[in-house]
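Worksheet: one structure, shown below.
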Amino acid sequence: MADFLDAKVREIEERLQELQPLIEEFHRLEAASAALDGVGTAGAAPSRRRAAAAVNGGPRRGRPRGGRPGEATRAAQTVELVRTQPGITIPELAGHMGIKPNYLYRVLPQLADEGKVRRDGKGWFPA
């Protein structure tokens, strides 16, 4: 019986030695996860630097308004596509522009309010 117990103790000790590197890796990954927790997640509390920039009138985040100099804005591009392809739908516009249609569902009604385009059924036409 003592031989059986000795064999089992040796097996357990060998298995513990096999698992030791995995346990160390687990602890390293756990620490890395804790350090990265909340980094880059939506709705996360802003960092001190971003919070200070917002309070102090720091630079605006996101894509600059109006596009690059000499480049047509998306709204102007939308109006031009509607002018050249009367009756075009929002999904078709989005495909031509290489963007998601969400933006156009928001912008086209604004352009209609400004008198630049009009809607007829599902299609959009120059005003």
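The values are calculated or read from the model by the stated rules, or taken from the named source; none is laboratory data. The shown structure was predicted, so the numbers you read here are calculated from the model rather than taken from an experiment. Heads up, the Cβs are rebuilt from the backbone with ideal geometry, glycines too, and the neighbour counts pull from every protein chain shown.
Data for the structure
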item	result
Identity of the residue in the range 1-11, exposed (fewer than 10 other Cβ atoms within 10 Å of the Cβ) and assigned to a helix (DSSP H, G or I), that ends up nearest to the chain's Cα centre (by Cα)	5
Per-region count, the range 109-127, residues at pLDDT 90 or above, surrounded by 12 or more Cβ atoms within 10 Å (Cβ to Cβ) and not in a helix (DSSP H, G or I)	8
Hits in the range 93-108 (condition: surrounded by fewer than 17 Cβ atoms within 10 Å (Cβ to Cβ) and free of Cβ contacts under 8 Å to residues at least 12 places away in the same chain)	95, 98, 100, 101, 102, 106
Residues satisfying the stated conditions in the range 79-91, i.e. in contact (Cβ under 8 Å) with a residue 12 or more places away in the chain and either among the charged types (D, E, K, R) or in a helix (DSSP H, G or I) (or both)	79, 81, 82, 83, 90
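This table checks each residue for (1) modelled with pLDDT under 85; (2) part of a loop (DSSP other than H, G, I, E, B).
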residue	(1), (2)
28	yes, no
43	yes, yes
71	yes, yes
93	no, no
107	no, no
